[in-house]
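Reviewing the structure listed below.
The values are calculated or read from the model by the stated rules, or taken from the named source; none is laboratory data. Since the structure is predicted, the reported quantities are computational estimates derived from the model, not experimental observations. Cβ placement follows ideal geometry from the backbone for every residue including glycine, while neighbour counts extend to all protein chains displayed.
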Amino acid sequence: MSPVRRILATSGRGLMLAIAMNAHAQTDEDPYLWLEEVEGARAMQWVHEQNAVSQPQLEGKPGFKALQERLVRVLTSRERIPMVSKRGKWLYNFWQDGDHPRGILRRTTLAEYRNSAPAWETVIDVDRISADEKENWAFKGWECLYPEYRNCLVKLSRGGADAVVVREFDAADKRFVEGGFTLPEAKLEIEWRDAERHRFRRRRDQPATCAGRWSARRARLLAP
């Protein structure tokens, strides 16, 4: 029983209210649960119907097209300052532009980064992976094992959804590890515990069977 219901149950009238609230919670179904299927036919039909109403209203406003074009130029400009994160000797940056709409994870050295036009090395090309696998992948970050930062866990989501798939990645060889650690699509957080173990936390609405393929490794499940 929740704290609210426990308090209500301290009086006779409150007890009846608590019983009613509990019964309602058990029988009431979310009428919009079908929206959880982000790529589902019914959900996509609803999206198209709403877009048909809202899109003409937005695009019909004076100055909309000019504003849209200006924002696209700003967000995809090659003149943007690339924000980086340091892992070992490398500075990593996730970059999106007109040539890489889904983005690339790239790296350079500190000496190169100080130049006006640094030389970047592509590590993960999300556009290429999406094309090869015929998926609408979005990059959701990665976790690399300290201190070498070679063994990494890459998170990819379909269409930018909250749920991600996890794949082990070799940052030195710039490739996914064949037969390495993977997790199926789920809403979760994951990190390295050590070279042979990981720990992850899944969302409360995820099934307990979200165990993934462990190969020879073990994982520790943290309580949500």
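Quick one: is residue 92 of a type in the set (Phe, Trp, Tyr) and in a loop (DSSP other than H, G, I, E, B)? Judged against the criteria, residue 92 is not a match. Scanning region 149-160 for residues that are assigned to a loop (DSSP other than H, G, I, E, B) and modelled with pLDDT under 95 returns 159, 160. Can you tell me which residues in region 85-139 are closer than 28 Å to residue 71 by Cβ, out of contact with any strand residue (DSSP E or B) (no Cβ under 8 Å at 6 or more places or on another chain) and of a type in the set (A, V, I, L, M)? Scanning region 85-139 gives 117, 131.
For every residue, the table says whether it meets (1) closer than 20 Å to residue 95 by Cα; (2) of a type in the set (Gly, Ala, Ser); (3) touching a His at 6+ places or on another chain (Cβ under 6 Å).
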| position | (1), (2), (3) |
| --- | --- |
| 137 | yes, no, no |
| 148 | no, no, no |
| 155 | yes, no, no |
| 158 | yes, no, no |
| 163 | no, yes, no |
| 168 | no, no, no |
| 172 | yes, yes, no |
| 176 | yes, no, no |
| 185 | no, no, no |
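Annotation: residue 116 fulfils all but one of (1) more than 30 Å from residue 185 (Cβ to Cβ); (2) of a type outside the set (A, V, I, L, M, F, W, C); (3) not assigned by TED's automatic domain parsing to the domain that holds residue 157; the unmet one is (3). For region 156-178, the set of residues classified as aliphatic (A, V, I, L, M), more than 21 Å from residue 201 (Cβ to Cβ) and in contact with a strand residue (DSSP E or B) (Cβ under 6 Å, 6 or more places away or on another chain) consists of 171, 177, listed by residue number. Residues in region 150-166 that are of a type outside the set (A, V, I, L, M, F, W, C) and either under 13 Å from the mean Cα position of the chain (by Cα) or surrounded by fewer than 17 Cβ atoms within 10 Å (Cβ to Cβ) (or both): 150, 155, 157, 158, 159, 160, 162.
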